[in-house]
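Below: the structure, in structure tokens.
We did not get these values from a lab; they are worked out from the coordinates using the rules stated. Keep in mind the model is a prediction, meaning the values are calculated, not measured. Glycine also receives a Cβ, built like all others from the backbone with ideal geometry; neighbour counts cover every protein chain displayed.
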Amino acid sequence: MHLEIITPDKKVFAGEANAVTLPGTEGQFQVLNRHAPLVSTLGKGNVVVDISGTKHTYVIDGGVVEVLHNNVLVLAEAVI
């Protein structure tokens, strides 16, 4: 799936990922390839991106995520 993590200042990440774990406001959740369409608010916490078994972690300060047609767009308030 294609993942983008964007803040108001810059594009933090853009590329292919196997999975992404997100800090939802109602709890942590994971998005995998071909996930059903989804829009959710995000709280402060870790966004863990799995790229072929290697995990990259970004700490965000809230935001919104949209999952549609195997594309994941994370609009983060800030990456801290």
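Just need the relative contact order of the chain here, percent rounded to a whole number, with Cα pairs under 8 Å and 6+ apart.
32 percent
Could you give the size of the charge dipole of the chain about its Cα centre, using +1 on the Cβ of each K and R and -1 on the Cβ of each D and E, expressed in debye and rounded to the nearest 20?
In total the dipole reaches around 120 debye.
Rounded to the nearest 5, what % of the DSSP beta bridges within the chain are antiparallel ones?
Antiparallel bridges make up about 90 percent of those DSSP assigns within the chain.
At most 13 other Cβ atoms within 10 Å and a DSSP loop assignment: could you name the GluC sites (Glu not before Pro) in segment 1-45 that fit?
Here the GluC sites (Glu not before Pro) that fit, given the DSSP loop and packing criteria, are GLU26.
With springs only between Cα atoms under 10 Å apart, run a GNM on the chain and tell me which of VAL39, VAL20, VAL48 wobbles the most.
VAL39
Using 7 Å Cα-to-Cβ label points, what is the ASN70/THR41 separation (nm, one decimal)?
Output for this residue pair reads 3.2 nm.
If eta is 1.002 mPa s and T is 20 °C, what Stokes-Einstein diffusion coefficient results for the chain, Kirkwood Rh from Cα pairs, in µm²/s?
The calculation lands on 177 µm²/s.
Can you figure out the FRET efficiency of GLU4 with GLU26, using R₀ = 22 Å and their beta-carbon distance, to the nearest 0.05?
That pair, GLU4 with GLU26, gives E of 0.45.
Only loop residues by DSSP count here, and only those with at most 15 other Cβ atoms within 10 Å; note down the trypsin sites (Lys or Arg not before Pro) in segment 33-80 that meet that.
ARG34
List the lysines whose Cα sits under 20 Å from the Cα of LYS55, skipping any in the same chain fewer than 8 residues away.
LYS11, LYS44
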